[in-house]
Amino acid sequence: MAKKTVADIDAKGKKVLMRCDFNVPLDENCNITSDDRIVKALPTIKSILERGGALILMSHLGRPKGQRNEKMSLAPVAKRLSELLGKDVVFADDCIGPETKAKAQALKAADCMLLENLRFHKEETIKDKAAKEDEQLRRAKDDFAKELADLADIYVDDAFGTAHRDNTSMYTVPAVMEGKPRVIGFLIEKELKFLGQALSEPKRPFVAILGGAKVSDKIGVIENLIDKVDRILIGGAMAYTFYKAEGRTIGNSLCEDDFLDKATELVKQAKDAECEMVFPVDTIVAQKLKPNAGNKVVTGDIEPDWQGVDIGPESRKLFAEKLNSAKTIVWNGPMGVFEIPPFDEGTKTVAMAVAEATDKGAQSIIGGGDSASAVQKLGLEDKISHISTGGGASLEFLEGKKFVCLEILDEK
Ligand code: AMP
C-alpha cells in the first residue's frame with residue numbers, strides 16, 4: 001500500500017518536524033562543496049511552508065560519535081538553506097533542551113528552523129536491538145525521541161539516505177508520535193515510486209549493472225534480482241572473484257576468497273532462473289594504481305604483479321550492446337577504479353549507454369554512490385530517469401529488505 005505524503009496533511013498552523021538528509025560534503029573550512037542534498041529537500045520544505053506550517057528540520061551530518069564537534073555542525077546548512085529559500089532560517093544550537101523547545105514554540109506559520117546535528121547525541125544511533133536488550137539504553141533512546149517528538153504535531157520523513165537505518169529520529173520519534181500524522185516527503189515518495197516500480201512491474205528487458213569493489217556487499221542484491229531481471233552485467237573488482245571461482249588466474253586483482261563458493265552458487269542460481277549473467281570478456285590491467293600508469297588489455301588470465309582495474313574495450317562494447325534494448329535499468333557500482341583516469345573509461349561507456357537507452361524510452365535508475373558521481377561528472381544527470389539519493393538505502397531496497405522506519409508511517 002502507498003504511504004501518505006505531505007500532500008495529504010493539513011499543515012496550516014501546525015508544527016511540522018521533518019527528518020532530512022543534510023549529510024552534505026564539507027571542505028576543511030566547513031564550506032559546503034555540494035548543496036545537492038539541500039536542493040533535493042526543497043520541494044517538501046517549500047510545500048509545507050507555503051501551506052502555513054511551521055517547520056522544524058532535523059538531520060545528521062558525518063559521524064561525530066555522540067560528541068559535539070563544530071566541524072560537523074549543521075550551521076552552514078542553515079545558512080545555505082536560508083539563501084535557497086530567500087528567507088531566514090532559525091538555527092537551534094542543540095537538537096533538544098529547553099532553549100530549543102522555546103525556539104520551536106515561538107515559531108509562527110511559515111517559519112523554518114533547523115536543529116543542530118542529531119548525532120551530537122549518542123542516543124540518535126542506539127540500535128533498536130541494543131535498546132531491546134538493555135533497559136538503560138532503551139530509556140535513553142526513548143527520552144531523546146520524546147524530546148524531539150514533543151516539538152511538533154506532525155512528523156515528516158524525507159531522508160531516504162538514512163531510511164535503511166533504525167536511527168532514533170527515523171524510527172523511535174514517529175513511534176512516539178503515534179496518533180499524530182506521520183508521512184513521507186516528496187523525495188522519499190519519488191524514490192519509492194522509481195525503485196518500487198522497477199522491482200514490481202518492470203518493462204522488459206530488465207537489465208541490472210553491478211560493479212564496485214566487493215561481491216560480499218552485493219550478494220543480497222544479486223540474489224534478489226536473479227528472479228526479477230533478464231540480465232545482470234557484472235563489472236568492477238567484483239568480477240575477479242567470479243573469474244577466480246571459475247579457476248582463472250587474476251594476478252593482484254581484488255578478490256574475496258571467502259566468497260568463491262558463493263560466486264559459483266550465484267552463477268548456477270542465475271542459470272536455473274534463466275537470468276543471463278554477463279561478465280567482462282577483457283580487462284585493463286595495471287601494475288600501479290596511479291593516474292596514467294602503464295596499462296594493457298588482457299583477454300585471458302591476468303599475470304602476477306598485474307591488477308585488473310577496468311573492463312576492457314571489447315567488454316565496453318558488449319555491455320553497451322546488452323544495454324541497447326533495455327527497457328528498465330538499475331545500476332549500482334563503477335566498472336573500474338573510476339577515480340583514477342584512464343581507468344574510468346568502462347564506467348563512462350556504461351554511463352553513456354544507460355543515457356542512450358533512457359533516451360530511447362528505458363526507465364533508468366542509478367543507485368547513488370559512485371555510479372551517481374560518475375554520471376554527474378559526465379553531465380548526464382538529466383539523461384537518467386532517477387538518481388537515488390541513498391546509495392546504501394537503494395542497495396538494501398534492491399535486496400528486497402523492508403525499511404522499518406517507513407513501515408511505521410501512515411498508509412494512504
Ligand atoms: P562500491 O562501494 O562497492 O560500489 O565500490 C566502489 C569502489 O570500487 C570505487 O572506489 C572503485 O575504485 C572500486 N573499484 C571498482 N573496480 C575496481 C577494480 N577493478 N579494482 C579495484 N577497485 C575497484
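The values are calculated or read from the model by the stated rules, or taken from the named source; none is laboratory data. In this text the structure is predicted, and so the values were computed from the model without any measurement. Cβ coordinates were reconstructed from backbone atoms using ideal geometry, including for glycine residues, and neighbour counts include every protein chain displayed. Note: areas computed on protein heavy atoms with side chains; ligands, DNA, RNA excluded. Shrake-Rupley method; radii C 1.70, N 1.55, O 1.52, S 1.80 Å.
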Inspect region 254-277 for any residue being within 11 Å of the ligand (Cβ to nearest atom), touching a Leu at 6+ places or on another chain (Cβ under 9 Å) and not in a helix (DSSP H, G or I) and give the result as yes or no.
no
Qualifying residue in region 129-148 (condition: in contact with a strand residue (DSSP E or B) (Cβ under 6 Å, 6 or more places away or on another chain), among the aliphatic types (A, V, I, L, M), farther than 19 Å from Phe397 by Cβ and modelled with pLDDT of 95 or more)
no
Suppose the filter is open to solvent by less than 10 Å² (accessible area, probe 1.4 Å) and either within 12 Å of the ligand (Cβ to nearest atom) or among the aromatic types (Phe, Trp, Tyr) (or both); does Gly392 pass it?
no
What pairs come up if the first residue lies in region 98-127 and is part of a helix (DSSP H, G or I), the second is open to solvent by 60 Å² or more (accessible area, probe 1.4 Å), and their beta carbons are under 6 Å apart, counting only those six or more places apart or on different chains?
Phe120/Arg68
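Yes/no matrix, rows are residues, columns are (1) at pLDDT 95 or above; (2) not basic (Lys, Arg):
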residue	(1), (2)
Lys15	yes, no
Met18	yes, yes
Asp21	yes, yes
Arg37	no, no
Leu42	yes, yes
Leu49	yes, yes
Gly52	yes, yes
Ile56	yes, yes
His60	yes, yes
Scan region 384-395 and tell me whether some residue there is farther than 30 Å from Val173 by Cβ, not in a loop (DSSP other than H, G, I, E, B) and not polar (S, T, N, Q).
no
By residue number, the members of region 360-379 that are open to solvent by less than 40 Å² (accessible area, probe 1.4 Å) and either modelled with pLDDT under 95 or within 14 Å of the ligand (Cβ to nearest atom) (or both) are Ile366, Gly367, Gly368, Ser371, Ala372, Ala374, Val375
Is there any pair with a first residue in region 315-339 that is within 15 Å of Gly212 (Cβ to Cβ) and a second that is near the ligand (Cβ under 7 Å from one of its atoms) and assigned to a helix (DSSP H, G or I) whose Cβ atoms are under 9 Å apart and which are 6 or more apart or on different chains, and what are they?
Asn332/Gly369; Asn332/Asp370; Gly333/Gly369; Gly333/Asp370; Pro334/Gly369; Pro334/Asp370; Phe338/Asp370; Glu339/Asp370
Select from region 305-345 the residues that are more than 14 Å from the ligand (Cβ to nearest atom) and outside any helix (DSSP H, G or I) and write down the one among them that is most open to solvent (accessible area, probe 1.4 Å).
Asp305
I'd like to verify a number: residues in region 346-358 that are within 13 Å of the ligand (Cβ to nearest atom) and more than 20 Å from the chain's Cα centre (by Cα), how many?
1
Neighbours by Cβ (under 8 Å, 6+ apart or cross-chain): first from region 294-310, free of Cβ contacts under 8 Å to residues at least 12 places away in the same chain; second away from the ligand (no atom under 11 Å from the Cβ):
Gly294/Gln287; Gly294/Lys288
Examine region 150-163 for a residue that is surrounded by 23 or more Cβ atoms within 10 Å (Cβ to Cβ), within 16 Å of the ligand (Cβ to nearest atom) and not in a loop (DSSP other than H, G, I, E, B), and state whether such a residue exists.
yes
Considering each residue of region 206-224, count those that are under 16 Å from Lys271 (Cα atoms) and surrounded by 24 or more Cβ atoms within 10 Å (Cβ to Cβ), and give that number.
3
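Do we have Ser59 as of a type in the set (Ser, Thr, Tyr), out of contact with any Pro (no Cβ under 8 Å at 6 or more places or on another chain) and within 29 Å of Ala175 (Cβ to Cβ) here?
Yes; evaluated as a whole, the condition is true for this residue.
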Within region 71-88, residues closer than 16 Å to Ser59 by Cβ and assigned to a helix (DSSP H, G or I) come out as Lys71, Met72, Ala75, Pro76, Val77, Ala78, Lys79, Arg80, Leu81, Ser82, Leu84, Leu85
Just name the residue that is most open to solvent (accessible area, probe 1.4 Å) out of those in region 232-249 that are of a type in the set (Gly, Ala, Ser) and touching a Ser or Thr at 6+ places or on another chain (Cβ under 9 Å).
Ala245
Looking for something in contact (Cβ under 8 Å) with a residue 40 or more places away in the chain and away from the ligand (no atom under 16 Å from the Cβ) - is there at least one such residue anywhere in region 231-239?
yes
Could you please find all residues in region 206-247 being among the polar types (S, T, N, Q) and either assigned to a strand (DSSP E or B) or touching a strand residue (DSSP E or B) at 6+ places or on another chain (Cβ under 9 Å) (or both)?
Thr241
Answer with yes or no whether Val207 is touching a residue at least 12 places away in the same chain (Cβ under 8 Å), away from the ligand (no atom under 16 Å from the Cβ) and farther than 25 Å from Asp344 by Cα.
no
If I ask for residues that are more than 20 Å from the chain's Cα centre (by Cα), loosely packed, with under 15 Cβ neighbours inside 10 Å and assigned to a helix (DSSP H, G or I), which ones from region 34-66 would you list?
Glu50
